[in-house]
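This report refers to the structure that appears directly beneath it.
We did not get these values from a lab; they are worked out from the coordinates using the rules stated. Small disclaimer: the values here were computed from a predicted structure and weren't measured. Positions of Cβ are generated from backbone atoms using ideal geometry, with glycine treated the same way; all protein chains shown enter the neighbour counts.
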Amino acid sequence: MLIVTGTFEVAPDRVEAAQTAMMAMMQATRAEAGCLTYEFCQGIGAPYRFRVYEEWADAAALDAHRATPHMATYRAAMAETGVRDRALFVIEAGGKIPLG
């Protein structure tokens, strides 16, 4: 399993546009083969800061995701939001173990 996680900020006056782009991206991505989890979260106290959290079955699924038309649409929309301080990472993980 691969986990993609990290944070980014958008221009404070472009938060609503970013939310719209993220909502469309989540809906399209969750329907993809190999997508286990796909979420954006907005910062409390910093509404222009977002965290992304994704889980993918394997590298092939993540690679296919990166090549989708909705990824291109999302990237174009987010370019208009003044994205800055972007720090995203891919983590290779084993299976999940529930916390008791």
Given a Förster radius of 35 Å and the C-beta distance between ILE97 and ARG49 as r, what FRET efficiency does 1/(1 + (r/R0)^6) yield to the nearest 0.05?
0.75
Dipole magnitude of segment 40-94 about its Cα centre (Cβ charges: Lys, Arg +1; Asp, Glu -1), debye to nearest 20:
320
Taking only DSSP H segments of four or more residues, each worth -39500 (n - 2.57), what value at 222 nm results for the chain once the sum is divided by all its residues, to the nearest 500 deg cm²/dmol?
-10500 deg cm²/dmol
Can you give the convex hull volume per residue for the Cα atoms of the chain, as a whole number of Å³?
105
Positive-end extreme of charge dipole, the chain - chosen from LEU36, MET23, TRP56 (charges on Cβ)
MET23
With labels modelled as points extended 7 Å from the Cα through the Cβ direction, what inter-label distance (nm, one decimal) is found for THR73 paired with VAL90?
2.4
